[in-house]
Each structure stands twice: as structure tokens, then as C-alpha cells.
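Everything below concerns the one structure shown next.
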């Protein structure tokens, strides 16, 4: 594990977006000094953190010149540029476009519905939303299920979400899958290809829960 | 305007995502053979189009080897790789990360709330959603407004959304802004910096409504 000096990662524990960057770094074999921001205690809404990221979202990467890079996928893009191996966002123009297509499909089609199901109905998420709309949570559960059925058909033809190589699209899918339970969406035990993929992904060293620096 | 041969763009007229790719191509000075898919007539939900993109979303780029690239930003990423000038997605690692951060902030913080406000309340959008949830539309309007106020403060310090150069983040912001009216969100006439930015962007040749090929 190579420590990248001069940067700071404002982390957010086990929430989906912080987890995406943690897994991305583990796949790259890199780590970064971390500052823990406790989402459960709403530290990401504090005046201090709001100065760093007005969107009040985690994680955030701060470079040695003070540049703030927020947004999970933007952080991953920067890490991919400075540590290209192994490629997690595509190996050439066409491959990069395919990986980005799948990353986005999974983000909009799976992670977001699962997150809406959680944030708009779970009592533990009440402080995260100005107003919970349970009807919106309920409308998202069948969408997440439908998307999993689509993924299951796709995974009959290849090993990973975006092809034969593990990519950022697998990371997004994995954190969404792990978030099904807080979203009160039944695990897709009947979808054999998705189960096969999940079993393989959950067994990777990068997805093990790790103690942060 | 250079015609890129061997590719086909499944277009979608004036809807926000098709417009994003149209403006991106115009900024690059390139065009691609287009197949019009009529969203108003729900042609994107037809069995024929669903075979091309199971997500039933537009636009879609099909390469000469049959590779399907869906998702607006993935299509832009591919076009950026084959036609790098002028750079619309960043000029180096840090710049690319900053552009991606802003592209995503605008997409999640502005385009999505505006789209939800439209899709969950406008009678003309009833066929696009399985179930319209007006409460969800209403919850998104103050978010869009709040984001515009944030953008206005940011645009006091620089010319464009992600810095001193026009990028994909400006394109996303522009289509979201143009979608305020269908989303029944008042135009931000009191936000002078945002108005200045909008005026400049709306005057660019790339944003003029064009007749497609």
C-alpha cells in the first residue's frame, strides 16, 4: 500500500460514496491521509466542512496546493490519472466510454433508487433530508429490482459489469448492493448471475471493511 | 463542421440530454449522422430502440464496429478522446478532475432537481413516469433555486462554471437553465452573475437551435 503524500482525503466512514473511493484506492494499492467526518453526527453539515465543500457531501480530496476535488467520480478520475495501474476507468477511448456508460447506468439506475429508498423512508435518514417523502421511497424499490434483473441478464454474458475487467462500475454496483438492506429492498437471491458476481466482488481484498488511516 | 464517418447518433431532439451532446459536438466543430427518435411519441420505449439501449434513454452513439455507447457524458468522453480540441473535459489531470466535479455538481444539484420538477408534475411528462409524485416535484424546486444561488456566488469569481474556459459543465448548466420553464421554476432574474453567464452562453453559436442532419 503506497501512501500518496501531500493530499488529504475527507472521508465519511461506511456511507456509499466514501466506500467507493476507499475501494478504488485499495484496488490501486494506494492510500491517502484521511480526516474522518462523522455523517451520523452531521459533521458534513458543519460550518467548517461547508467551507471545504459547500455541497456538504463526502468524500473530498484536498491537494497539496489547496485545490478541492469533491464528487466521488472526480476524485477517482484524479487518482486514475496519477496512478494509472490497474486501469479502473478504461484502457483506451472506446473502453473508457464503455466503463463510463456502465458506471453511470449503475449510478442512476441502481445506486440512486436504493439511496432514495433509504433517505426518504428510513428513520435513521430523517436528518439527511429536509423532508422525507415515503411515496418517493416506495416508487424507487421496484426500479432497483428491475435494474437488478437487467444486470442479471447482462452478467450472463461477461464476468464484470463493464466487461472482463474489474472497474469503477463494479465498485458503484457493489456499494449499491450493500445498501439494499438500509433501503429495505429484498436481496436478489433468485438472480443467479448477479449472485455469482456479488460473491466474487465481496471476496476481493479491496471490498473488505478496513480500518482507515 | 467536420462529419465523423462510420458512426450513428440516435438523437432525441430538444430534450436536455440530446441537447447536451448536440452542443458538445458544435463546440468541437464536428457532426455525426443522426437517427431521430421522437421522445414525445415514446419512440425511445419501442422494442426496436430498447434493443439498442435497454435503458430506453437518449442519446446513443453507435460506432462502426457496432459498439453501443449510451449515456450523455460517456458519449462526450468518447468524442473528447477522438477530437481533443478544444478541450471541454479538462486539459490535464487536475483540470479534468475539477471539470468533472463541476459537471457532476451541476448534474445532481441543478439538472436533476429541474428534471424531477418537470417529470413529476407537468401533464406533458405523465407518460414518461410510471407514477407522478407532485410532492417530489415540489420538494425539488427550492433545491434548484438554492443551487442557482450557490452558482451565482461562484460566478462572481470566474467567467465559466469550472474556471476561465467553457466546458461540459457549462453545457449541463445551460440545458438545466433552459429547462426551468417546463419545470415551472421561476427564472433567476435577481441573480446577476448567473444572468451574465447565461447571456454569454446563450449567445454562443453552439447553443443556437440547429436543424439536425
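The values are calculated or read from the model by the stated rules, or taken from the named source; none is laboratory data. This is a predicted model, so every value here is computed, not measured. Here the Cβ is made from the backbone with ideal geometry for all residues, glycine too, and neighbour counts use every protein chain on show.
One residue is enough: does the range A:104-124 have a residue meeting the conditions facing chain B (nearest Cβ under 9 Å) and touching a strand residue (DSSP E or B) at 6+ places or on another chain (Cβ under 9 Å)? Taking every residue of the range A:104-124 in turn, at least one turns out to be facing chain B (nearest Cβ under 9 Å) and touching a strand residue (DSSP E or B) at 6+ places or on another chain (Cβ under 9 Å). Looking only at the range B:64-76, which residues are buried (at least 20 other Cβ atoms within 10 Å of the Cβ) and more than 8 Å from every other protein chain (Cβ to nearest Cβ)? Selection gives B:72, B:76.
Helices (runs of 4 or more DSSP H) fully within the range A:49-164 that include at least 3 residues being under 30 Å from residue B:82 (Cα atoms): A:72-82, A:93-106.
Filtering the range B:167-184 to residues that are assigned to a loop (DSSP other than H, G, I, E, B) and surrounded by 22 or more Cβ atoms within 10 Å (Cβ to Cβ) leaves B:167, B:183. On the given criteria, is residue A:204 surrounded by fewer than 18 Cβ atoms within 10 Å (Cβ to Cβ) and in contact (Cβ under 8 Å) with a residue 24 or more places away in the chain? So residue A:204 fits the description; yes. Put simply, of B:79, B:88, B:61 the only residue that is away from chain A (no Cβ under 11 Å), surrounded by 15 or more Cβ atoms within 10 Å (Cβ to Cβ) and modelled with pLDDT of 95 or more is B:88.
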